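The values are calculated or read from the model by the stated rules, or taken from the named source; none is laboratory data. Given the structure is predicted, the values throughout are model-derived calculations rather than measurements. Glycine gets a Cβ as well: all are built from the backbone with ideal geometry, and neighbour counts include every protein chain shown.
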Amino acid sequence: MSRQKIAAGNWKMNTTLDEGIELVNNLIAAEKDKSVLTILAVPFTHLVTLDKKIKSKGKLKLAAQNCHHKNSGAFTGEISPSMLAAINIPYVIIGHSERRQFNFEDNQLLKGKVRAALDAGLKVIFCCGEDLEVRKTNKHILHVKIQLEESLFSLDVKEIKNVIIAYEPIWAIGTGETATPAQAQEMHNSIRRMISRQYNKRVGEAINIVYGGSVKASNAKEIFSQPDVDGGLVGGASLDAKEFIEIINSFPPES
Ligand code: PGA
C-alpha cells in the first residue's frame with residue numbers, strides 16, 4: 001500500500017523570526033516533489049507569522065515542538081494544545097528525546113500529552129527511540145515497544161490514525177551518525193507489526209513511521225527507500241533550505 005511521504009523539519013531552538021521567515025520563503029519558492037507532505041516544527045514564537053505565510057500552500061504544514069498535558073491553568077511558561085488548535089496549528093511533536101532527557105518527560109507524562117493533544121484536535125508526531133546503552137545490549141526493540149505501550153496504546157483505533165510515529169535512535173541525533181538503512185528498516189517494520197497486533201493489520205499498514213537522526217541530503221535517498229520508512233524527521237539539515245529541499249526530493253518515485 002502506498003502511504004503518505006513525509007519530510008518533517010524540527011528546527012528545535014534555532015532561528016530568529018526573521019531567519020525563520022527567510023527559510024520558509026526559500027522553501028515555498030523551491031521546486032518540490034508535490035506528493036510529499038512537508039511539516040515544519042518551528043519555535044512557538046514563529047507559529048502565527050509563518051502560518052499566515054504558508055496558509056494556501058497545501059502540502060506545507062506547521063507543527064509545534066511540544067505542548068502541555070492540560071488545556072489551561074496555573075502552569076507558568078507553558079503552551080496548551082487548545083492554544084495551538086485555536087491558531088490552526090495542525091501538528092505537535094510529543095516525546096522528543098531532548099524533552100525526555102532535559103525536561104524529564106516520561107512515558108506516563110507523554111501519554112497525558114498525547115491524549116490532550118488529540119482531544120484538542122491536533123495530530124501528533126510521537127517520538128520514540130533508544131540510547132546507545134540499550135542498542136548495545138540489543139534491547140532496542142523492547143525499549144521502543146514499552147515506549148509505545150505506555151504512551152500510545154491506550155488510544156483507540158480512530159485516535160491512533162492521527163499519530164505519526166518518529167523513530168529516532170538517540171545515538172544518531174545530532175551526532176552525524178545515522179542508523180544504517182537496515183537498522184531503520186528493522187525497527188520500522190517491528191513498530192508496524194506492534195501497531196498491527198495492538199490494533200489491526202490495516203492500521204499497521206497505514207500508519208506513518210518516519211526516521212530521525214542525522215538525516216541529510218546525502219543519506220536521505222537510501223533511508224527513504226526502505227519499505228517501512230515513510231520519511232524523515234530532520235533536525236540540523238532542515239535549517240538549510242537547499243539541503244532540506246534536497247531531502248524533500250529524495251523519495252523514490254511512486255511504483
Ligand atoms: P538531527 O535531529 O537531524 O539533527 O540528528 C533529528 C531530531 O532530533 O529530530
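Some notes on this structure:
- Any hit, region 184-193, residues being among the charged types (D, E, K, R), more than 18 Å from the chain's Cα centre (by Cα) and part of a helix (DSSP H, G or I): yes
- Looking at V234, V210, just one residue is under 17 Å from C128 (Cα atoms), touching a Leu at 6+ places or on another chain (Cβ under 8 Å) and at pLDDT 95 or above, and that residue is V210.
- The set of residues in region 161-183 being in a strand (DSSP E or B) and either near the ligand (Cβ under 9 Å from one of its atoms) or surrounded by fewer than 24 Cβ atoms within 10 Å (Cβ to Cβ) (or both) consists of V163, A166.
- For beta carbons closer than 8 Å, sequence separation of 6+ or different chains, a first residue in region 231-249 that is under 16 Å from G213 (Cα atoms) and a second that is in a strand (DSSP E or B) and hydroxyl-bearing (S, T, Y), the qualifying pairs are G231/Y211; G232/Y211; L233/Y211; I248/T38.
- Total residues in region 133-147 satisfying the condition of being surrounded by fewer than 20 Cβ atoms within 10 Å (Cβ to Cβ) and either of a type outside the set (D, E, K, R) or under 25 Å from M83 (Cβ atoms) (or both): the figure is 7.
- Entry remark, region 1-15: residues being modelled with pLDDT of 95 or more and either within 16 Å of the ligand (Cβ to nearest atom) or out of contact with any strand residue (DSSP E or B) (no Cβ under 9 Å at 6 or more places or on another chain) (or both) number 10 in total.
- Selection within region 34-45 - over 15 Å from I245 (Cα atoms) and either among the hydrophobic types (A, V, I, L, M, F, W, C) or surrounded by 21 or more Cβ atoms within 10 Å (Cβ to Cβ) (or both): A41, V42, F44
- Checklist (1) without any contact (Cβ under 8 Å) to a residue 12 or more places away in the chain; (2) within 16 Å of the ligand (Cβ to nearest atom) applied to Y91, failing item: (1)
- Criterion (buried (at least 21 other Cβ atoms within 10 Å of the Cβ), in a loop (DSSP other than H, G, I, E, B) and more than 15 Å from the chain's Cα centre (by Cα)) met by exactly one of E31, E130, E78: E130
- Whichever residue in region 42-75 is away from the ligand (no atom under 16 Å from the Cβ) and among the polar types (S, T, N, Q) and, among such residues, is nearest to the chain's Cα centre (by Cα): T45
- Among the residues listed as D18, D51, the single one being modelled with pLDDT of 95 or more, part of a helix (DSSP H, G or I) and surrounded by 14 or more Cβ atoms within 10 Å (Cβ to Cβ): D51
- The set of residues from region 231-255 being in a helix (DSSP H, G or I), touching a helix residue (DSSP H, G or I) at 6+ places or on another chain (Cβ under 8 Å) and within 12 Å of the ligand (Cβ to nearest atom) comprises A237, S238, L239, E243, F244, I247.
- Residues within region 32-84 that are of a type in the set (D, E) and either touching a Ser or Thr at 6+ places or on another chain (Cβ under 8 Å) or touching a residue at least 12 places away in the same chain (Cβ under 8 Å) (or both), tallied: 2
- Of all residues making up region 198-230, the number that are in contact (Cβ under 8 Å) with a residue 24 or more places away in the chain and away from the ligand (no atom under 11 Å from the Cβ): 20
- Within the option set G212, G231, being among the small types (G, A, S) and on the phi > 0 side of the Ramachandran plot holds for one residue only, G231.
- Counting residues in region 155-178 that are within 21 Å of K5 (Cβ to Cβ) and of a type in the set (S, T, Y) gives one or more.
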